[in-house]
Amino acid sequence: QVQLVESGGGSVQPGGSLRVSCAVSGRPFRISIMGWYRQAPGKQRELVATITTGGSSNYAESVNGRFTISRDSAANTVTLHMNSLKPEDTAVYYCNAQVQTEWWVQEGDYWGQGTQVTVSS
């Protein structure tokens, strides 16, 4: 069974750095796009960054230049490095992956359980 397991996150002061990582378990047949989304209290979940199998990345304008997404396709992991953090980055961060569990199964949308990132002085 495919699962996305997140690690990292935590609390940091403004201007600090954090890292969140996500590992896909269950040995799926194929993983295409992987990414990170976040949801702040009272707000809708929003895209933070995505990365393709070829390494092409896409960032939300609010994090561009401060966050970096990377991927290890051999290990089925994706990591988000967050620098110059701001209080408005505070949210629960969710890992997302487009996963094809077997070659005969259609690709599906999988989510991690979420990890808290808090930026506060």
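Descriptive notes on the structure:
- Checked against the criterion of being among the acidic types (D, E) and open to solvent by 50 Å² or more (accessible area, probe 1.4 Å), region 5-19 has no qualifying residue.
- Enumerated strands (runs of 3 or more DSSP E) restricted to region 48-99, each holding at least 3 residues that are of a type outside the set (V, I, T) and over 18 Å from L4 (Cα atoms): 57-59
- Taking every residue in region 100-117 that is in contact (Cβ under 8 Å) with a residue 24 or more places away in the chain and among the β-branched types (V, I, T) and pairing it with any residue that is part of a loop (DSSP other than H, G, I, E, B) and open to solvent by less than 70 Å² (accessible area, probe 1.4 Å), at least 6 positions away or on another chain, the pairs with Cβ-Cβ distances below 8 Å are T101/V2; T101/G26; T101/P28; T115/G9; V117/G9; V117/L85; V117/T90.
- Search result, residues across region 103-121 that are farther than 21 Å from L18 by Cβ and open to solvent by 40 Å² or more (accessible area, probe 1.4 Å): W103, W104, V105, Q106, E107, D109, Y110
- Scanning region 8-22 for residues that are within 10 Å of Q116 (Cα to Cα) and either hydrophobic (A, V, I, L, M, F, W, C) or in a strand (DSSP E or B) (or both) yields a total of 4.
- Just one of the listed residues (I69, I31) is free of Cβ contacts under 8 Å to residues at least 40 places away in the same chain and surrounded by 14 or more Cβ atoms within 10 Å (Cβ to Cβ), and it is I69.
- All positions within region 23-47 that are in a strand (DSSP E or B) and either of a type in the set (F, W, Y) or more than 14 Å from S73 (Cα to Cα) (or both): W36, Y37, R38, Q39, E46, L47
- Residue count for region 73-102, restricted to those that are within 21 Å of S17 (Cα to Cα), open to solvent by 30 Å² or more (accessible area, probe 1.4 Å) and not β-branched (V, I, T): 7
The values are calculated or read from the model by the stated rules, or taken from the named source; none is laboratory data. It should be emphasised that the depicted structure is a prediction, and the values quoted were computed from it without experimental measurement. Every residue, glycine as well, gets a Cβ built from its backbone with ideal geometry; the counts of neighbours run over all protein chains shown. Surface accessibility is based on the protein's heavy atoms, side chains included, excluding ligands, DNA and RNA. Shrake-Rupley method; radii C 1.70, N 1.55, O 1.52, S 1.80 Å.
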